[in-house]
Each structure stands twice: as C-alpha cells, then as structure tokens.
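Each reported figure results from applying straightforward, stated rules to the coordinates on display, with no laboratory input. In this text the structure is predicted, and so the values were computed from the model without any measurement. A quick note on method: Cβ atoms are made from the backbone with ideal geometry, for glycine too, and the neighbour counts reach across all protein chains shown.
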Amino acid sequence: MDAGLKRELEAKVYAGERLTREDGVALYDSDDLAWLGKLAHHQRTEMNGDRVMFNVNRHLNLTNVCSASCAYCSFQRKPGEKDAYTMRIDEAVRKAKEMEDEQLTELHIVNGLHPTLPWRYYPKVLRELKAALPNVKLKCFTATEVQWFEKISGLPASEILDELMDAGLESLTGGGAEIFDWEVRQHIVDHACHWEDWSRIHRLAHEKGMKTPATMLYGHIEERRHRVDHVMRLRELQDETGGFAVFIPLRYQHDFVDSKDGKVRNRIQERTTMAAPAESLKTFAVSRLMFDNVPHVKCFWVMHGLSVAQLSLNFGVDDLDGSVVEYKITHDADSYGTPTTMHRDDLLNLIWDAGFQPVERNTRYEVVREYDKAPSLADRRSEPQQVWA
Ligand code: SF4
C-alpha cells in the first residue's frame, strides 16, 4: 500500500468516517499488521474502552443428523450412519441440567436439519429446557434452521419465531451465514438458505425485538473481497434494523481426519489450508474498522487457540466466547489441541493476562458483573506470567 493511501485511510479512521468497500479491500491488501492493529485498536477503544465481554455459556447440539451436505462440514451425519444421534427431549434436558453449575447464563443450541423430526419437537424442547433452567437464556437455531422449520411445518417464519419466543427463545444464533457471495457460496453450502432468506429471518427477529449475532466463515476458498462484500451486506442491514449485537468471524477448520471414525468429510479439504493467525488478526481488524454500526466483535477462542484469542483483543475484538465445556462442531473437525474446557476463572485470567478488564454479560449484552481492572504492568512483573496453550 502506498504511503498516500495509508495516510488517507488513517485520517478517515481517526475522523470516525465510514470506510468504503474499496477501503476494506485496501486494508486487507496491506501487509502492515501492526498498523492495522493500531487502527482497529483505536476503533475498539473508542467503542468499548479496555473492556472485554464474555459470558458463561454451554453448547448443546440436539442432533447431528442433517439433510444437507455442506462441503466444509464435519459435524453432519446421515440417518443410520455410525455416530448419528438425536436427543430425546428428556435427554436434552438432562444434559443441560448437568451443565448448570457455575451460574450458567446461556445455552447455545444449533443442530443439523433433521429429515424426519417434526417441527413440534423444537418449541417443546425449548419449553422443557426453560422450565428446567429458568435463569438460563436460550440462544438457539441458525436462520438456516428457521428456514428449515418453515419447510417442515408449512408455517411462515414470523409464526415460527413467535412460537419459539413464546417457548423461551431469547436470540437466534448467527450461523448459516458462511460467505454470502454466490460465487463462493454455491461451492460450499448445500442447503436452501442464502442471503435473501438469511437476511429476511434476521430482519424479522430484529423487528420482534431480538438482538442477534452475525457470523462469517473465512479462510477457505473465498477471496478477501468476498469477506468485504459479506461485511458490507451486513452493515447495510444493520443500518436498517440496528439488531446485530456482535459480528463473529469464524475461522474455517481444515479437517484432517475425523478422530471418531477416521473419515474425511470435508469435501474442500484438498483445495484449502486454513487461515494463519496473522490472517485471522487481519480479519478481526478489518471487520472492526468496517463495522462502525455493530457494537461488538467476537473471537470464538475454540477456533483460534488461546494465544491468538489474547492477541485478537489488540486487533478490534472486545468479546470472547465462551466458557465451553463441550463444543462438538469444531472439535469434530479439528486436531489442533485447543482445550475443550474453559471456566469462568480461566477466562478472567486470560483477559487480565492480556491487560484488559473483564465484564461478564448476558445474551443481550447487558452487564451481569464488572470485574477489577487488570493489574498494572509493574505489579505483573513481580509475578510469573501465565503460559497459555
Ligand atoms: S453446516 Fe449445518 S446445514 Fe450444512 S451440513 Fe453441516 S449441519 Fe447441515
């Protein structure tokens, strides 16, 4: 990037001016990672100070049986396949109850598009989970799943959302977004929910008062311009609804061999590697700089490892997810040694160790608890530092 363009972009960021699509592509083209981090950190500090939000949540996947076969997905199984499972409602409740310790505040539930489970199963399972765990917020289902419910029930999304909300749904999840540009999407996504339906369903959820997350799966066959396009679409929708609470860049997991049955399910594996940490930090930074209207950017540490998660806090990220005991979707795809368990204390130490102030939040990004600021560098020097995986 030439010095003139660099100065121009810098001036725009410090003046709080909105960046254009061309600016986004130019930022990705820059190889000055420290400079990008500086700009993104300025923006994150303007928006969120030195706070890092986190919530104490658990992930639950009711079924891994799926009618679709997305090219990158190692989670899905076909009916009858070894390891295919579907939880009965009482099983789901029992499993959720086992996770209740540590003042859990959120259950995150996403699932395969099961070919024969009836629509009635889904509101019923939410009702019973809510009855068993009244203080836990239910963040459930991707827009893709909601569109699937339309298909299996014959009901419009509006009625589906009303019924799910009546049963205890607090928020949709942000998945199913992947990369919206059809040039890429047609090669990786195998279900019928694309930008038109994804945005329709989140718009509806926002109209009904929900705050929802938005995700982007990066680091596979897309180019950087597709990432910028993805963010531009979401930014426009956010101008209209204001309903996105957070943007979550999800790092595509290169699937070596499934640890359970030795199979490789990822059909784009031969054409892909995986985003290097520097590329992930760049993606966090450019996302933070482009999204002047979405309050938070999240790092889902399970996909990055803890060291990159800490570094990401200096590249625009102000939200860490989560305190996960078990996360099947990524761990079915990886053999990278990311830990499967993190508890509240681990997260607090991780955030303090990176020099930030932890703030516990709920599903709607309301503050549940403020914690002390990070100890000063002078104090920290007198103690041995943590070494993170
Ligand atoms: S990504 Fe979701 S919809 Fe696609 S195959 Fe996997 S579980 Fe099914």
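Of note:
- Considering only 12, 298, 282, the Gaussian network model of the chain with Cα springs below 10 Å gives its largest mean-square fluctuation to 12.
- Structural descriptor for the chain: relative contact order 22 percent, calculated from alpha carbon pairs under 8 angstrom and at least 6 residues apart.
- In range of the label at residue 232: residues from segment 154-192 whose backbone nitrogen is under 17 Å from the point 7 Å along Cα→Cβ: 179-185
- Once the Cβ-Cβ distance of residue 268 and residue 135 is raised to the sixth power relative to R0 = 45 Å, the FRET efficiency obtained is 0.65.
- Under 19 Å from a label point set 7 Å out along the Cα-to-Cβ vector of residue 81, the amide N atoms of segment 265-303 belong to 265-271.
- The separation of segment 210-237 from segment 90-136, counted between C-alpha centres, amounts to 28 Å.
- If the segment from residue 376 to residue 25 were pulled out straight at 0.36 nm per residue, it would be longer than the present Cα-Cα gap by 122.6 nm.
- The average projected area of the chain, computed from the convex hull of its Cα atoms over all directions, is 18.9 nm².
- Rounded to the nearest 0.05, the FRET efficiency derived from the C-beta distance between residue 7 and residue 200 at R0 = 25 Å is 0.05.
- Top of 278, 167, 214 by mean-square fluctuation, Gaussian network on the chain, Cα under 10 Å: 278
- Among the trypsin sites (Lys or Arg not before Pro) found in segment 196-253, those both in a DSSP coil and sparsely packed, with 15 or fewer other Cβ atoms within 10 Å of their Cβ, are 208.
- The chain: most fluctuating residue of 215, 116, 105 per GNM, C-alpha cutoff 10 Å: 116
- Loop-located GluC sites (Glu not before Pro) across segment 150-224 with a Cβ neighbour count of 15 or fewer within 10 Å are 223, with loop assigned by DSSP.
- In segment 169-228, the convex hull through the Cα atoms has an average projected area of 4.4 nm², a quarter of its surface area.
- Among the listed pairs 139/208; 139/282; 95/124, those beyond 18 Å (Cα-Cα): 139/282
- In this structure, the amide hydrogen of residue 319, modeled 1.01 Å from its nitrogen in the peptide plane, lies closer than 5 angstrom to those of 53, 297, 299, counting only residues at least 5 positions away or on a different chain.
- Mean separation of Cα contacts under 8 Å (6+ apart) over length of segment 234-313, as relative contact order %: 41 percent
- Between amide H atoms placed 1.01 Å from N, distances below 5 Å from residue 216 occur with 248, 250, all of them 5 or more places distant or on a separate chain.
- An ellipsoid equivalent to segment 21-80, defined through the eigenvalues of its Cα gyration tensor, has semi-axes of 38, 21, 9 Å when rounded to whole angstrom and sorted largest first.
- Phi angles of segment 209-217 translate, via the Karplus equation with coefficients 6.51, -1.76, 1.60 and θ = phi - 60°, into HN-Hα couplings of x, 7, 9, 10, x, 10, 10, 8, 8 Hz per residue; Gly and Pro are given as x.
- For segment 24-87, a crude dipole built from +1 on the beta carbon of Lys and Arg and -1 on the beta carbon of Asp and Glu, taken about the Cα centre, is about 420 debye to the nearest 20.
- Rg in Å to one decimal, and Dmax rounded to a whole Å, for segment 65-177 via C-alpha atoms: 14.0, 40
- Nonlocal amide H pairs with residue 137, under 5 Å, H built at 1.01 Å: 106, 107
- Residue by residue, segment 201-208 carries 3J(HN,Hα) couplings of 6, 5, 4, 4, 4, 5, 4, 8 Hz when phi is fed to the Karplus relation 6.51 cos²θ - 1.76 cosθ + 1.60 (θ = phi - 60°); x denotes Gly or Pro.
- Per-residue ellipticity at 222 nm from helix content only, as computed over the chain with -39500 (n - 2.57) for each DSSP H run of at least four residues, stands at -12000 deg cm²/dmol.
- Taken one residue at a time, the phi angles of segment 42-57 give Karplus couplings (6.51, -1.76, 1.60, θ = phi - 60°) of 4, 4, 5, 5, 4, 8, 9, x, 9, 7, 10, 8, 8, 9, 9, 10 Hz. Gly and Pro are set to x.
- Principal-axis tilt of helix 89-98 within the chain, Cα atoms, nearest 10 degrees: 40 degrees
- Based on C-alpha pairs under 8 angstrom that are at least 6 apart in sequence, segment 170-270 has a relative contact order of 31 percent.
- Angle between the chain longest axis and helix 277-290 axis [Cα atoms, degrees, rounded to 10]: 90 degrees
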